[in-house]
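Asker: Before I ask anything, here is the structure I am working with.
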Amino acid sequence: MKITSIKSVGRKPVYDLSINSDKYDEQQYVLANGVVTHNTGIYYSADNIWIIGRRQNKVGTEVTGYDFVINVEKSRYVREKSNIPITVSWEGGIDEYSGLLDVALAGQFVVKPKQGWYAKVDQETGEIDGKNFRQKELTKDFWYDIINSDKFKEFIEKQYRVGMIPDEVVTIVEEDEIVE
């Protein structure tokens, strides 16, 4: 087979090699990191591939922000096929608690006793706290005990962390260290 063209693509030394002949019908190859691949692009050489989707948040017909979902397609650091939701509003920016409700529901730290209402679950007894909250009421006071519990931290690590991150790289920031 004879290479008929080599084109530079982008700023990194990655090239698209095309073979034009009756036998091969314009085959596409990619040279990345010194390896020639066929119909793969740079997928195999990437450490992380995260795909971000979004949908509009509306009040009536007015768009007030977006819900983003980061889909972890490939990663050496986060469990693949994880979905990480992030809410961004025009008024408040990134919601500091976005994604926590989904994680807390999945780990049964929070339950939905009835449509539109949420309640904490006591992790020692498994009992549902008697007070119900609307989603907009899930503020720092609601989340504080859940976020700071060792069981929640263990659940997060089990759900998302891949064993390739050395422990010395992971830094836990205590609340009093956060500068507002």
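Values in this text are rule-based calculations from the coordinates and carry no lab data. Bear in mind the structure is a predicted one, so any value in this text is a computation, not a measurement. We place every Cβ from the backbone using ideal geometry, glycine too, and count neighbours over all the protein chains shown.
Asker: Once label points are set 7 Å from the Cα along Cα→Cβ at both Lys58 and Ser5, what is their separation, rounded to one decimal in nm?
Answerer: Taking the two extended label points, one gets 4.4 nm.
Asker: Pairs Lys74/Lys153; Lys112/Lys158; Lys74/Lys151: which are spaced more than 25 Å apart, C-alpha to C-alpha?
Answerer: Pairs exceeding the cut-off: Lys74/Lys151.
Asker: Now, a different point. Please list the non-local residues whose amide H lies under 5 Å from the amide H of Ile49, H modeled 1.01 Å from N, same-chain partners needing a gap of 5 or more.
Answerer: Glu73, Lys74, Ser75
Asker: With a Förster radius of 35 Å, plug the Cβ-Cβ distance of Glu73 and Asn148 into 1/(1 + (r/R0)^6) and report the FRET value to the nearest 0.05.
Answerer: According to the calculation, E is roughly 0.65.
Asker: Rule-of-thumb check for segment 91-153: C-alpha Rg over 2.2 N^0.38 Å?
Answerer: Expressed relative to 2.2 N^0.38 Å, the Cα Rg reads 1.09.
Asker: Also, I was wondering about something else. Can you give me the long-range amide H partners of Gly65? Hydrogens built in the peptide plane at 1.01 Å from N, cutoff under 5 Å, separation of 5 or more residues or another chain.
Answerer: Close amide H contacts, sequence-distant or interchain: Asn57, Trp90.
Asker: Of Lys81/Lys140; Lys58/Lys136; Lys81/Lys120, which sit over 23 Å apart, Cα to Cα?
Answerer: Lys81/Lys140; Lys81/Lys120
Asker: Still on this model: Which three lengths, in whole Å and largest first, does segment 47-95 cover when its Cα atoms are put on their principal axes?
Answerer: Dimensions of segment 47-95 along the principal axes of its Cα atoms: 40, 17, 12 Å.
Asker: Tell me whether segment 61-126 comes out rounded, prolate or oblate; compute the Cα gyration tensor, take square roots of the eigenvalues as a ≥ b ≥ c, and use a/c under 1.5 as the rounded threshold.
Answerer: Verdict is oblate for segment 61-126.
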